[in-house]
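Below you'll find the structure I mean.
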Amino acid sequence: MAENNLSNKIRRLRFENGEMTQQQLADKVGVTRQTIIAIEAGKYAPSLPLAFRIARAFGVSVETVFEYVGKQS
Amino acid sequence: MNRAQKISLTMVITFLLGLFLGIILIVMRLFDLGVPKIAFLLPVCIAGSGGIISITCFKKDKGAIAFDERDKLVEKNANLAGFGAVYLYVILMSFLPIVILGGEASIPVTWCPVLLIGAGFCQAFAQSIAYLIQYGWRVKDGGE
């Protein structure tokens, strides 16, 4: 899949939240572990509902987890 | 590796094996090495065995969530790739006989089901390649 323009802090947030594993996060937000790996690596841009679920899993806002790093239009 | 990746990899391997064997048999037949027509069923069976192996050997992934939005997107793109490949195959097979044999030539009607089987293989191969490309070829996924 194509690279996306989103950077994320999922890895850091996982460790800050009691060293949560990718599987635990995946189960919490309702996706497969492979999808969490792909999002963390920046290989997949999650849908808006999934982005919100991930942010909610950490108890932070979406902007804290994801940042748009593409060109400004 | 998830189930779709395993199936795709099996399909690609068996298809390439069948194709390789088919090319060898065609070359042997061209050089009159006494290859009977029935021998051509072997590469077809090998190429088709990928589907049977996939159904019998790869059971559904364990765990609560086995299919999510990313898998859905990958599946959609793979289906599109398969459809595109068949479309190209039909175009190719419509013009290739004219180019090779000429406008006045004729081909046996028994070729029609063969072309249909070819379209099926073409679709399955393109779909499998699309799956593998989108999920990534590597088995190691960098997970924890």
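Rule-based calculations on the coordinates, nothing more; no lab input. Quantities reported herein were computed from a predicted structural model and do not represent experimental measurements. Cβ sites come from the backbone with ideal geometry, for glycine too, and all protein chains shown count toward neighbours.
When the helices in chain A are scored as -39500 (n - 2.57) per DSSP H run of 4 or longer and the sum is shared across all residues, what 222 nm value do you end up with, to the nearest 500 deg cm²/dmol?
One gets -13500 deg cm²/dmol as the mean residue ellipticity at 222 nm.
Can you give the convex hull volume per residue for the Cα atoms of the protein assembly as shown, as a whole number of Å³?
166
Tabulate in residue order the Karplus-calculated ³J(HN,Hα) for the range B:26-39, using 6.51 cos²θ - 1.76 cosθ + 1.60 with θ = phi - 60°, rounded to whole Hz; enter x for Gly and Pro.
3J(HN,Hα) across the range B:26-39, in whole Hz: 5, 4, 4, 5, 5, 8, 6, 9, x, 8, x, 4, 4, 4.
Another question, then. For a test of the definition: using alpha carbon positions, the gyration tensor, and the 1.5 limit on a/c, classify chain B as rounded, prolate or oblate.
Prolate, because a/c is 1.5 or more and a/b exceeds b/c.
On average, how many beta carbons from a partner chain sit within 10 Å of the beta carbon of a residue in A:33-39?
Average per residue, whole number: 6.
Could you tally the net charge around B:Lys62, taking each other residue with its Cβ under 14 Å from the Cβ of B:Lys62, Lys/Arg +1 and Asp/Glu -1?
Counting the neighbours of B:Lys62, the net charge comes to +3.
For the range B:25-144, with only Lys/Arg (+1) and Asp/Glu (-1) charged at the beta-carbon, what is the dipole magnitude about the Cα centre, in debye rounded to 20?
My answer is approximately 220 debye.
Could I ask something else about it? Relative to the first principal axis of the alpha-carbon coordinates of chain B, what is the inclination of helix B:111-135, with its axis defined by its Cα atoms, in degrees from 0 to 90 and to the nearest 10?
Here the helix axis deviates by roughly 30 degrees.
Find out how many positive minus negative residues lie around B:Ile26, taking Lys and Arg as positive, Asp and Glu as negative, among other residues whose Cβ is under 13 Å from that of B:Ile26.
Result for the local shell: +1.
Give, in nm to one decimal, the length gained when the segment between B:Ile133 and B:Phe58 is fully stretched (0.36 nm per residue of separation minus the Cα-Cα distance).
Separation in residues times 0.36 nm, less the Cα-Cα distance, equals 25.0 nm.
Roughly how big is the protein assembly as shown's charge dipole about its Cα centre, with Cβ charges of +1 (Lys, Arg) and -1 (Asp, Glu), in debye to the nearest 20?
Charge dipole, the protein assembly as shown, about its Cα centre: 420 debye, nearest 20.
Filter A:Lys43/A:Lys71; A:Lys43/B:Lys62; A:Lys28/B:Lys76; A:Lys9/B:Lys6; B:Lys37/B:Lys60; A:Lys9/B:Lys60 down to the pairs with a C-alpha to C-alpha distance above 27 Å, please.
A:Lys9/B:Lys6; B:Lys37/B:Lys60; A:Lys9/B:Lys60
Farthest toward the dipole's positive end in chain B, which of B:Ile98, B:Gly50, B:Thr110, given Cβ charges of +1 (Lys, Arg) and -1 (Asp, Glu) about the Cα centre?
Sorting the options by dipole projection puts first B:Gly50.
Given Cβ point charges of +1 (Lys, Arg) and -1 (Asp, Glu) and nothing else, what value in debye, to the nearest 20, does the dipole of chain A about its Cα centre take?
60
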